[in-house]
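**Q** Here it is, the structure, as C-alpha cells.
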Amino acid sequence: MNRNDAKNVEELAAIARQGRLKVIETVTSSKAGHVGGPLSAMDLMVALYFHQMNIDPAEPANPDRDRFILSKGHCAIGLYSVLALRGYFPVEELATFDHGDSRLQGHPDMKLTPGVDSSTGSLGQGLSAASGMAIAAKKLGKDFHTWVVLGDGEIEEGMVWETVICAPRYGLDNLTAIVDLNGLQQYGWPASATDRFDRSEPMGHVDLPAVFRGFGWNTIEIDGHDYGEILAAYDEAESYRGASGKPTAIIASTIKGYGLSYTQATFKWHNGVPTPEQLATARHELGDAIDISDTDKAEALA
C-alpha cells in the first residue's frame, strides 16, 4: 500500500471504522468487554496489520514474521477485531468473545488465538516480553521487528520503566513501543477532595517524550488518529532498525472511545455494554465502513 496514496489512507480509515463497529457489536452481543481503549488504539493497530508489519495470516507462527504485543490486554476485543478482519480467523467467530469455550477470551491468550504473539492482561508486562523477543531476534540473527502497544494508564506500572531503562543497553533498535496516550483511565486522581468523578490521567503532567529520550530511546510524537502521521512514524521507526542502536517510542495522542459520539472522551466508556439503542447508533455512525469481512478483500488491501 503506497503511503502517499490518499485512496489507500481512506481504505485504512474505512477498515478502522469497520473494526470499531465490530468492537461495539461484539461487546453488545457478549455482554462483556472494554470499549474506550480498543477504539482509541484502533487506527494504530489497523495501520500495523494492514500496512506495516511483515505478517501472513496463513502462517501465524512463521518464525520470520514481525511480532505484535497488546500490552494493555483488557483491550483484546480491539485486537481480535483487527485479526479477524485481516483473516486470522473468521469474522463470525467474534460472536464467541468471552464465552467459556471460545478462543477469544477477555484477555489475549497466545495458546488459543491465531495471531496473538503474547498472552497479556496483567498490566505492565508487555514491554518486557517484547524486549525479550527483540533480544532473541538479535541473538538468532532474525530480521523481524517487534511492536508493542501500551496504555498511558498502564505505564504507571514500575515494570514498564525497568524495561525502558534496560532496552537501550541491549541496542534494541528492532523494538518499537507505541503509547496510546488517550488521557483517560478507569480510575485516576480526583480533581479535588469533593470531586470523585474525574478520571484524568495521572501521567498527564509528565513530558513522556523527554523521559523516553532521557533513557536513550528514539522518540516520535504523533496524532494517533491521523494516518499520514501514523504511517510516517512507522516508516521512521523502521528506518532505525539495524541502524540506530536504540529502541523507538511512538507517543500517539488519541481520544478514548474515538469514532463514536457517545463513547468519545469519557472515562465512563472504559468498559460497559451498549444498549440496543446505542448499538443502533453505532451502526448508523459507523455504517459507512467498507465490508471487508471476506478474507480475499482483506488480503487485497494489505
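The values are calculated or read from the model by the stated rules, or taken from the named source; none is laboratory data. Fair warning: this is a prediction, and the values are worked out from it, not measured in the lab. Cβ atoms come from the backbone with ideal geometry, glycine included; neighbour counts cover every protein chain shown.
**Q** Identify, from the list LEU44, LEU21, LEU123, the residue that is out of contact with any Asp or Glu (no Cβ under 8 Å at 6 or more places or on another chain) and aliphatic (A, V, I, L, M).
**A** Working: LEU44 fails: out of contact with any Asp or Glu (no Cβ under 8 Å at 6 or more places or on another chain); LEU123 fails: out of contact with any Asp or Glu (no Cβ under 8 Å at 6 or more places or on another chain).
Residue meeting the stated conditions: LEU21.
**Q** Let me ask something else about it. (1) of a type in the set (Ser, Thr, Tyr); (2) within 26 Å of PRO247 (Cα to Cα); (3) touching a Lys or Arg at 6+ places or on another chain (Cβ under 9 Å): which one isn't true of SER131, the others all being true?
**A** Only one criterion in (1) of a type in the set (Ser, Thr, Tyr); (2) within 26 Å of PRO247 (Cα to Cα); (3) touching a Lys or Arg at 6+ places or on another chain (Cβ under 9 Å) is unmet by SER131, namely (3).
**Q** Return yes when ASP56 is in a loop (DSSP other than H, G, I, E, B) and free of Cβ contacts under 8 Å to residues at least 60 places away in the same chain and no when it is not. Break it down into steps so the answer makes sense when it comes.
**A** Values: in a loop (DSSP other than H, G, I, E, B): yes; free of Cβ contacts under 8 Å to residues at least 60 places away in the same chain: yes.
For ASP56, the condition - in a loop (DSSP other than H, G, I, E, B) and free of Cβ contacts under 8 Å to residues at least 60 places away in the same chain - is met.
**Q** Which one of LYS72, LYS31, LYS22 is on the phi > 0 side of the Ramachandran plot, touching a residue at least 60 places away in the same chain (Cβ under 8 Å) and not acidic (Asp, Glu)?
**A** Only one candidate passes the filter, namely LYS31.
**Q** Would you check which residues across segment 97-127 are surrounded by 20 or more Cβ atoms within 10 Å (Cβ to Cβ) and either closer than 20 Å to GLU156 by Cα or hydrophobic (A, V, I, L, M, F, W, C) (or both) and list them?
**A** PHE97, LEU104, VAL116, THR120, GLY124, GLN125, GLY126, LEU127
**Q** Which of the residues spanning segment 165-191 are modelled with pLDDT of 95 or more and farther than 24 Å from ASP43 by Cβ?
**A** ILE165, CYS166, ALA167, PRO168, ARG169, TYR170, GLY171, LEU172, ASP173
**Q** While we're here: So THR176 ticks every box in (1) of a type outside the set (A, V, I, L, M, F, W, C); (2) touching a Gly at 6+ places or on another chain (Cβ under 9 Å); (3) under 17 Å from ILE251 (Cα atoms) but one. Which box is left unticked?
**A** THR176 satisfies every listed condition except (2).
**Q** Which residue is farthest from HIS51 (Cα to Cα), if the candidates are limited to segment 211-249 and must be touching a Lys or Arg at 6+ places or on another chain (Cβ under 7 Å) and not in a helix (DSSP H, G or I)?
**A** GLY216
**Q** Specify which of the listed residues (GLY106, GLY37, GLY115) is closer than 24 Å to LYS268 by Cβ, small (Gly, Ala, Ser), under 18 Å from the mean Cα position of the chain (by Cα) and not in a helix (DSSP H, G or I).
**A** GLY106
Matching residues to (1) crowded, with 20+ Cβ neighbours inside 10 Å; (2) within 26 Å of HIS34 (Cα to Cα); (3) in contact with a Leu (Cβ under 7 Å, 6 or more places away or on another chain):
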{"position": "TRP217", "(1), (2), (3)": "yes, no, no"}
{"position": "ILE220", "(1), (2), (3)": "yes, no, no"}
{"position": "ASP226", "(1), (2), (3)": "no, yes, no"}
{"position": "ALA233", "(1), (2), (3)": "yes, no, no"}
{"position": "ALA237", "(1), (2), (3)": "yes, no, no"}
{"position": "PRO247", "(1), (2), (3)": "yes, no, yes"}
{"position": "GLN264", "(1), (2), (3)": "no, yes, no"}
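**Q** Here are some residues: PRO57, PRO63. Which one is at pLDDT 95 or above, surrounded by fewer than 24 Cβ atoms within 10 Å (Cβ to Cβ) and over 17 Å from HIS145 (Cβ atoms)? Break it down stepwise before answering.
**A** Working: PRO63 fails: over 17 Å from HIS145 (Cβ atoms).
Only one candidate qualifies: PRO57.
**Q** Here is a follow-up. For segment 129-158, give me each residue that is surrounded by fewer than 18 Cβ atoms within 10 Å (Cβ to Cβ), in a helix (DSSP H, G or I), modelled with pLDDT of 95 or more and in contact with a helix residue (DSSP H, G or I) (Cβ under 9 Å, 6 or more places away or on another chain).
**A** If the condition is that a residue be surrounded by fewer than 18 Cβ atoms within 10 Å (Cβ to Cβ), in a helix (DSSP H, G or I), modelled with pLDDT of 95 or more and in contact with a helix residue (DSSP H, G or I) (Cβ under 9 Å, 6 or more places away or on another chain), then LYS138 is the only one that fits.
**Q** Buried (at least 17 other Cβ atoms within 10 Å of the Cβ), among the aliphatic types (A, V, I, L, M), in contact with a His (Cβ under 6 Å, 6 or more places away or on another chain) and not in a loop (DSSP other than H, G, I, E, B): which single residue out of ALA76, ALA84 fits that description?
**A** Going through ALA76, ALA84 in turn, the sole match is ALA76.
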